[in-house]
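Structure, as structure tokens:
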Amino acid sequence: MKSKMVLVAFVVAAAALAPVIAYAEAAESNCVSCHSQKTPGVVKDWRESKHAALGLGCDTCHGDGHQSAADVAKVKLPTPDTCGSCHSEQHDQFMRGKHSKGWLAMNAMPTIHYQPIPLIGGQQGCGGCHKIGVKTEAEIKELSKTSGGFGTASCDSCHTRHTFSKKEAQQPQACQTCHEGFDHPQWEMWSASKHGVRHSLKQLGVLGPNVQAPTCQTCHMQNGNHDVHTGWGFLALRLPMPEDKQWAADRATILQGLGVLDPDGKPTARLEAVKAADLARLDQETYDKYRKEMLDTCNQCHSGNFAKVQLENGDKMIKEADHLMAEAIRIVAGLYKDGILAKPSNYAAAFPDLLTFHDAPTVVEQKLFVMFLEHRMRAFQGVFHQNPDYALWYGWSEMQRDLTEIRELAAQARRDHAAGKPIAKATKPIASLPSAHGTTLHSTQAR
């Protein structure tokens with residue numbers, strides 16, 4: 001009797017799988033036979049995927065318009081909505097998170113329009129990581145000119161095509177490509193922290209599989225939630241202003257340097273761009289929500305008091321870094337005010353533009369952007385990622401050195417001005433630079 005029941009169960013299961021197997025075979029006959037020759041690596045990855053095991057063929061994501069070498073242009077390139085047709089919960093979470101704003105955030109930077117096409121549209125620079133963001137139809141059409149239309153899927157930034165592995169995306173290495181380097185070295189900070197070292201030893205088998213070793217996903221994608229956010233936001237600037245008067249003044253200066261506040265302290269149009277790109281926390285409620293989520297995560301391994309103190313130390317580091325940053329901005333603003341430096345016409349009155357990056361016209365202004373995006377980031381992110389070396393030597397110490405250089409450069413500029421010598425320019429004035437799309441744009445467009 002038992003053997004008959006097993007046989008019946010096998011027959012029922014086989015019958016249920018028959019349509020799936022037939023679908024997969026049909027997909028192979030229509031697409032795989034050709035692509036096994038043209039793109040064999042793609043076929044191998046697809047065969048390793050859960051999609052293939054479920055019988056989801058190429059046309060599920062790419063449509064059925066492309067049938068031969070003569071109609072390749074008819075192939076459909078996926079977008080997040082393509083993935084969302086099956087993975088609706090993850091799609092909706094992603095759309096609420098900051099990753100979905102990646103393309104928008106990149107284009108909100110006024111300097112981005114002056115970069116070479118390969119770095120942005122060709123996705124070999126900022127565009128290579130910010131392509132995770134959702135794009136408008138017009139932007140997708142533009143990408144067809146610069147990158148063949150690729151870079152529209154977003155989800156494959158973490159779930160590499162065509163295996164689309166969940167297990168891969170759960171590993172911290174999946175975050176490494178984008179979260180490293182100049183302005184956001186989270187990989188370097190985490191991997192050398194106690195958290196990262198323990199995870200490395202766990203992967204090597206030195207520590208047991210049940211040992212706690214927090215990864216990027218543990219802290220920033222709690223329980224697999226794709227709504228990725230941090231309490232302070234990318235720029236570590238938030239509203240409302242702090243009660244501490246000095247910190248409030250310093251933060252106001254930085255916001256003015258970003259063009260978010262005008263010289264009178266009033267919001268500019270650029271504030272709307274920052275809000276749309278989700279670059280900062282602009283109300284207390286949102287900040288409290290994400291801070292609580294992080295504390296709850298930390299509390300899984302640490303006492304609530306320990307976690308609270310550690311995060312508060314990160315807050316205090318932001319305050320200290322802001323004080324150095326604000327002084328540097330005021331020094332350069334003073335050079336504008338006194339006519340020592342010629343302020344570009346597209347800058348807000350009296351303030352340098354921290355978002356011009358390497359396109360800033362003089363060495364002292366370029367030093368200012370490096371201080372803000374490279375060293376200030378490391379100072380507070382090093383604390384939040386539990387990496388004391390980054391917080392001190394790659395962050396705070398470098399900011400101190402930056403400020404010393406800015407003071408000296410400013411003093412030299414004043415001496416040269418008094419002697420009638422011109423100030424050396426680092427680059428062409430921004431307004432004269434051609435954009436990556438062949439037109440001249442001004443940073444005021446982002447205001």
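Considering only segment 293-312, how many residues are acidic (Asp, Glu) and free of Cβ contacts under 8 Å to residues at least 40 places away in the same chain? Please lay out each step first, then the result.
Step one: of segment 293-312, the residues acidic (Asp, Glu) are 293, 296, 312.
Among the residues that remain, those that are also free of Cβ contacts under 8 Å to residues at least 40 places away in the same chain are: 312.
Going through segment 293-312 one residue at a time, the tally reaches 1.
Determine whether segment 342-362 contains at least one residue that is over 25 Å from His184 (Cα atoms) and in a helix (DSSP H, G or I).
no
Are there helices (runs of 4 or more DSSP H) fully within segment 24-122 with at least 1 residues that are among the β-branched types (Val, Ile, Thr) and either touching a residue at least 40 places away in the same chain (Cβ under 8 Å) or open to solvent by 50 Å² or more (accessible area, probe 1.4 Å) (or both)? List them.
Working: elements: 33-38, 40-48, 50-53, 58-62, 80-84, 88-96, 102-108.
Hits in segment 24-122: 40-48, 58-62, 80-84.
Which count do you get for residues in segment 202-224 that are open to solvent by 60 Å² or more (accessible area, probe 1.4 Å) and under 15 Å from the mean Cα position of the chain (by Cα)?
0
Determine whether Phe384 is touching a residue at least 24 places away in the same chain (Cβ under 8 Å) and open to solvent by 20 Å² or more (accessible area, probe 1.4 Å). Walk me through how you get there before you give the answer.
Details: touching a residue at least 24 places away in the same chain (Cβ under 8 Å): yes; open to solvent by 20 Å² or more (accessible area, probe 1.4 Å): yes.
Considered against the rule, which asks whether it is touching a residue at least 24 places away in the same chain (Cβ under 8 Å) and open to solvent by 20 Å² or more (accessible area, probe 1.4 Å), Phe384 comes out as yes.
Residues that are closer than 22 Å to Asp183 by Cα and among the β-branched types (Val, Ile, Thr): list the helices (runs of 4 or more DSSP H) wholly contained in segment 220-337 that include at least 1 such residues.
On the way: elements: 245-257, 270-276, 284-298, 304-337.
Result: 245-257, 270-276, 304-337.
Which one is nearest to the chain's Cα centre (by Cα), of the residues in segment 225-235 that are open to solvent by 40 Å² or more (accessible area, probe 1.4 Å) and modelled with pLDDT of 95 or more?
Initially, segment 225-235 is screened for residues open to solvent by 40 Å² or more (accessible area, probe 1.4 Å), giving 225-226, 234.
Still in the running and modelled with pLDDT of 95 or more: 225-226.
Numbers: Asn225: 17, His226: 14 Å.
The residue in question is His226.
Would you point out the residue of segment 123-172, among those that are outside any helix (DSSP H, G or I) and among the β-branched types (Val, Ile, Thr), that is surrounded by the fewest Cβ atoms within 10 Å (Cβ to Cβ)? Show your work before the answer.
Pass one, segment 123-172, residues outside any helix (DSSP H, G or I): 123-125, 131-136, 147-154, 158-165, 170-172.
Applying the additional criterion that residues be among the β-branched types (Val, Ile, Thr) yields 132, 134, 136, 152, 160, 163.
Numbers: Ile132: 22, Val134: 19, Thr136: 10, Thr152: 20, Thr160: 14, Thr163: 19.
Among them, the one singled out is Thr136.
The values are calculated or read from the model by the stated rules, or taken from the named source; none is laboratory data. All values derive from a computational prediction rather than experimental measurement. Positions of Cβ are backbone-derived with ideal geometry, glycine not excepted, and every protein chain shown enters the neighbour counts. For accessibility, only protein heavy atoms count, side chains too; no ligands or nucleic acids. Shrake-Rupley method; radii C 1.70, N 1.55, O 1.52, S 1.80 Å.
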